[in-house]
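A.B. asks: Would you mind keeping the following structure in view while I ask a few things?
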Amino acid sequence: MSEEGYEMHYIKRAFDTNWIAPLGENVNEFENELALKIGSKAAAALTTGTSAIHLALIAAGVGEGDLVFCPSLTFSATANPIIYQHASPVFIDSDYETWNMCPKALEEAFEKYPNVKAVIVVHLYGLSADMDKIVTICKKHHVTLIEDAAESLGTVYKGKHTGTFGEYGVFSFNGNKIITTSGGGMLVSNNEERIAKVRYWATQSRDPARHFQHSELGFNYRMSNVVAGIGRGQMKVLDDRIEKKKYIFEYYKRELGELAGVKLMPVNDWNKPNYWLSSLTLSGKVKPIDIIEALERRNIEARPIWKPLHMQPYFQKYDFVGKGVSEKLFETGICLPSDTKMTKEDLERIVRIIKKLW
Ligand SMILES: *Cc1c(COP(=O)(O)O)cnc(C)c1O
């Protein structure tokens, strides 16, 4: 069956069984299939990755006045739910070895703020953070670890999937992610009881009673059965997508890796990334903006690396612990076109345009 074939098949099943509303076979099976794929005991399908982070923070007991450590080099959606909980982020710097949360900066942050409530680690662009070190530090300080694996579904660190190292793992199926349901998210955990609680919060905290009864604050965060049908179809193409993403990265590496000043994103021995976005840094005379503009003139989109959150107008008032690595990565980094629908000719054209700048 073609890719769309699988999706239509599951969506049709939702209609046939009259389960258009939330809940139903597709939701349950999408949760089971994802949990099985990554090796987690339980999963809750939600409307977005952001809502999954929000409920993970609530599950971790984060509330008003609490502090949460969070990488600075990430999408704003990692940190926004901390604010929804009236808690405050403390931004942690990256290291050059992983581009992700620097374990040394994390240790430093614990010295400065020993009473932190939770840590969110992100696996940027499908590259895993150095989880052995980060898990060890969090265990030592008895702090809940949440993994924002929105960009890293399928990424493996030392034989184990990202999203399964912390108490909670978060995935996103937004339009730009490696697989998509047009919009969606998943919260995973080995704690089945907590996941059951998350499902309860996500469906307006309806108590098991004939009348509408609520003994806790509720949210409308549950994924619908139709959307979950798309997710089930997309799960079948995940491995192919990772293959294609890897091919794209390897192609860029081969064609651009030797150019003066070019350094591809760090793929460590212990890391099997999903290569969601192929990225590199530049230290020579060619700047990221030169590549972005050269591609833009041919209607091809490339983007800078995420702007660190501690540099964002909204988040500037929060503390930052580190030495400026995330700032440097932002200044010198670029994400190259990485769509799996690109042909070999598309890639050749992109590389030709870029090479002309040298
Ligand atoms: C996409 C993304 C999110 C948010 O996911 P949504 O499903 O869009 O809400 C969170 N964190 C990171 C790192 C992301 O890339």
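A.B. asks: Could you pull out every one of the helices (runs of 4 or more DSSP H) wholly within the stretch 234-344 that has 3 or more residues that are touching a Ser or Thr at 6+ places or on another chain (Cβ under 9 Å), touching a residue at least 40 places away in the same chain (Cβ under 8 Å) and not assigned by TED's automatic domain parsing to the domain that holds residue 102?
C.D. replies: Because the criterion is at least 3 residues that are touching a Ser or Thr at 6+ places or on another chain (Cβ under 9 Å), touching a residue at least 40 places away in the same chain (Cβ under 8 Å) and not assigned by TED's automatic domain parsing to the domain that holds residue 102, the helices (runs of 4 or more DSSP H) in the stretch 234-344 that meet it are 238-256, 325-332.
A.B. asks: Since residue 73 meets every condition but one in (1) over 23 Å from residue 217 (Cα atoms); (2) away from the ligand (no atom under 16 Å from the Cβ), which condition does it not meet?
C.D. replies: If we test residue 73 against (1) over 23 Å from residue 217 (Cα atoms); (2) away from the ligand (no atom under 16 Å from the Cβ), just (2) comes out false.
A.B. asks: Taking helices (runs of 4 or more DSSP H) that do not extend beyond the stretch 1-97, which have at least 3 residues that are out of contact with any His (no Cβ under 9 Å at 6 or more places or on another chain) and touching a residue at least 60 places away in the same chain (Cβ under 8 Å)?
C.D. replies: 3-16, 25-38, 49-59
A.B. asks: A follow-up question, please. Out of the residues in the stretch 68-86 that are within 21 Å of the chain's Cα centre (by Cα) and surrounded by fewer than 23 Cβ atoms within 10 Å (Cβ to Cβ), which is nearest to residue 267 (Cα to Cα)?
C.D. replies: Within the stretch 68-86, the match that is nearest to residue 267 (Cα to Cα) is 75.
A.B. asks: What about residue 166, is it near the ligand (Cβ under 9 Å from one of its atoms) and farther than 17 Å from residue 242 by Cβ?
C.D. replies: no
A.B. asks: Further, regarding this structure: Of everything in the stretch 163-187, what is touching a residue at least 12 places away in the same chain (Cβ under 8 Å) and farther than 18 Å from residue 30 by Cα? Give them in sequence order.
C.D. replies: 165, 166, 167
A.B. asks: OK, next. Among the residues of the stretch 96-120, write down those that are within 30 Å of residue 278 (Cα to Cα) and either in the same structural domain as residue 280 (by TED's automatic domain parsing) or among the polar types (S, T, N, Q) (or both).
C.D. replies: Residues satisfying the conditions are 98, 100.
Table: residues versus (1) out of contact with any Ser or Thr (no Cβ under 9 Å at 6 or more places or on another chain); (2) in the same structural domain as residue 339 (by TED's automatic domain parsing); (3) assigned to a loop (DSSP other than H, G, I, E, B); (4) at pLDDT 95 or above.
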{"residue": "136", "(1), (2), (3), (4)": "yes, no, no, yes"}
{"residue": "139", "(1), (2), (3), (4)": "yes, no, no, yes"}
{"residue": "150", "(1), (2), (3), (4)": "no, no, yes, yes"}
{"residue": "153", "(1), (2), (3), (4)": "no, no, yes, yes"}
{"residue": "174", "(1), (2), (3), (4)": "no, no, yes, yes"}
{"residue": "177", "(1), (2), (3), (4)": "yes, no, yes, yes"}
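A.B. asks: All but one of (1) more than 20 Å from the chain's Cα centre (by Cα); (2) crowded, with 24+ Cβ neighbours inside 10 Å hold for residue 61; which doesn't?
C.D. replies: For residue 61, the failing item is (2).
The values are calculated or read from the model by the stated rules, or taken from the named source; none is laboratory data. All values reported here derive from a predicted model rather than from experimental measurement. Cβ coordinates were reconstructed from backbone atoms using ideal geometry, including for glycine residues, and neighbour counts include every protein chain displayed.
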